[in-house]
1. Please give the number of the condition residue 51 fails out of (1) surrounded by 14 or more Cβ atoms within 10 Å (Cβ to Cβ); (2) among the small types (Gly, Ala, Ser); (3) modelled with pLDDT under 90; (4) more than 19 Å from residue 75 (Cα to Cα).
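The values are calculated or read from the model by the stated rules, or taken from the named source; none is laboratory data. Every value quoted in this text rests on a predicted model; they were computed, and no experiment measured them. For neighbour counting, all protein chains shown are included, and Cβ atoms are generated from backbone atoms with ideal geometry for every residue, glycine included.
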Amino acid sequence: MQISGILIQTRPEWREQLGESLAAQPWLDVHYTDGHSRIIVTLENLETESGEKRLRRLQDWPHVLSVNLINHYQVDENQFEEAKTDNIAIQEEVE
């Protein structure tokens, strides 16, 4: 599994509309908007389409001025499931 952090730049007057459009996509998560012109999203690479192709799709999105990869992480599926299980166990201990 590949997880990528992406910074998307837009114009201030387009930020809200673009943020809503991005949030409606099942293949990415919107995590932060700065209230001005920047939106941070994460992509989880699914086998149906590479992360690189999705980055290109974002670059062609209406009102997107630029798309920058800010973080990329790759882990095999077994490690990812183990990490999720460990995180759930830790959260249960805290509660």
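1. (4)
Yes or no, residue by residue, for (1) at positive phi; (2) at pLDDT 85 or above:
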position	(1), (2)
7	no, yes
16	no, yes
28	no, yes
38	no, yes
63	yes, yes
72	no, no
75	no, no
78	no, no
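Yes/no per residue for (1) of a type in the set (Gly, Ala, Ser); (2) surrounded by 15 or more Cβ atoms within 10 Å (Cβ to Cβ); (3) touching a helix residue (DSSP H, G or I) at 6+ places or on another chain (Cβ under 7 Å):
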position: 5; (1), (2), (3): yes, yes, no
position: 17; (1), (2), (3): no, no, no
position: 24; (1), (2), (3): yes, no, no
position: 28; (1), (2), (3): no, yes, yes
position: 33; (1), (2), (3): no, yes, yes
position: 36; (1), (2), (3): no, no, yes
